[in-house]
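Notes for the one structure printed next.
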């Protein structure tokens, strides 16, 4: 990497990895070409971005969403230029954004006493609108897309300041009604074949780490395919089960593959990390 970056934005888009801003390089950005093992600079950001911002890819552009005075910007990888876009209606600290169904869904966190209403950005109209009727208040908020479903996880600290565990509420987005359904754990446990049933166990794992460590987690999803299976204590190998056979409970259907290919094409995976 050309510049050392702490807490920068990382985005994958059309075969490249983009590193944006960061504590030590607030106004700069660069991209990595895996085929050449080479970093090159891209035009600098219109406004310094460090620490608490998020970045996400949609189409051929990268969108950067800041907290308050930082504002929101987009970078066209086709034209190699940054553009100012409309700011959120209700900016908040610790923004998180996810690409979902051709739009950008964003939320933030203002602590356990102030609710933050998720917002949806329409890139064609350059406008934000409220998602759902109510705001979410918690110690931390995590937004993640799993398959074709969007989740918002609320992290609550134990009343004992020194307690290790935290509790997490799971809210599932309902695109038909533009609403967020809460308390989905019991319903999803009814079918282990449902991919979304993996989300409640993930939430319980996050809750077991305590608030300080949960705040440092960034969620992403990816398909994992074993090369082969081996019976423990033997040298007998078995091919992975084919479609329709009994296996791990995660069906390897075309919908999942389409979802992954969509992430590759649209660069829907994003993260803020340290390099």
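Each reported figure results from applying straightforward, stated rules to the coordinates on display, with no laboratory input. Bear in mind that the values here come from a model prediction, so they are computed numbers and not experimental data.
Oblate is the label for segment 1-73, because a/c, from the alpha-carbon gyration tensor with a ≥ b ≥ c as root eigenvalues, is 1.5 or above and a/b does not exceed b/c. Shape index of segment 68-113: Rg/Rh, with Rg the Cα radius of gyration and Rh the Kirkwood radius from the inverse mean 1/r over Cα pairs, equals 1.03. Centre-to-centre, using Cα atoms only, segment 48-87 and segment 106-132 are separated by 16 Å.
In terms of overall dimensions, segment 42-176 has a Cα radius of gyration and Dmax of 15.6, 52 angstrom.
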